[in-house]
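Data first, discussion second: the structure below is written as structure tokens.
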């Protein structure tokens, strides 16, 4: 029997990974541990959204109001789980997932630093960015710091908007 997905607040990042069994999703948790969820990234994202009776496509479309983009929009399943997509790998074959999804709630204060090791991004003339996550894990990203920071900034704005709406709803109920 497969384990259920962790709570929203426990998820730090979702990473696509290749294994002997095929494409799976590695789930980094805020306590520093890691789970392997034997489903593709698309399936994992759908399951996370469905458990809150939401649809990933509609969540991305809703987020586009804030980002003014059509691609790579955050997925705001709840105020505890706002997933910002970041490119972390190159596809082996067409159709492979290349985007990891980082929970903006789990990004630590010392967010960015340039990766020192030689990589394919450096060969293209730029150093990849590393995102520091709660639990002490780090996630190398193939995008520049500027691009990564812009995506995270937009996702944080969406997260703050969701929290504000929740607070307003609670205050309205208390006034009754």
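Points 7 angstrom from Cα along the Cβ direction at residue 64 and residue 43: gap in nanometres?
Between residue 64 and residue 43, the simple spin-label model gives 2.7 nm.
Using a simple spin-label model with points 7 Å from Cα along the Cα→Cβ vector, what separation in nm is obtained for residue 7 and residue 138?
Calculated label separation equals 3.0 nm.
So between residue 164 and residue 92, what do we pick up on full extension, going 0.36 nm a residue minus the alpha carbon distance?
Working: separation 72, 0.36 × 72 = 25.92 nm, distance 4.14 nm.
Between residue 164 and residue 92, full extension yields 21.8 nm more.
Label points 7 Å out from Cα along the Cβ direction at residue 174 and residue 147: separation in nm?
It is 4.4 nm.
Could you work out the relative contact order of the chain? I mean the mean sequence separation of Cα pairs under 8 Å and 6+ apart, divided by the number of residues, in percent. Walk me through the numbers on the way to the answer.
Values: 294 pairs, mean separation 33.9, N = 176.
Relative contact order, the chain: 19 percent.
Read-outs throughout are calculated quantities, based only on the coordinates presented, and are distinct from any laboratory measurement. Computed from a predicted model, the values in this text were never measured in an experiment. All Cβ positions, glycine included, derive from the backbone under ideal geometry; neighbour counts span all protein chains shown.
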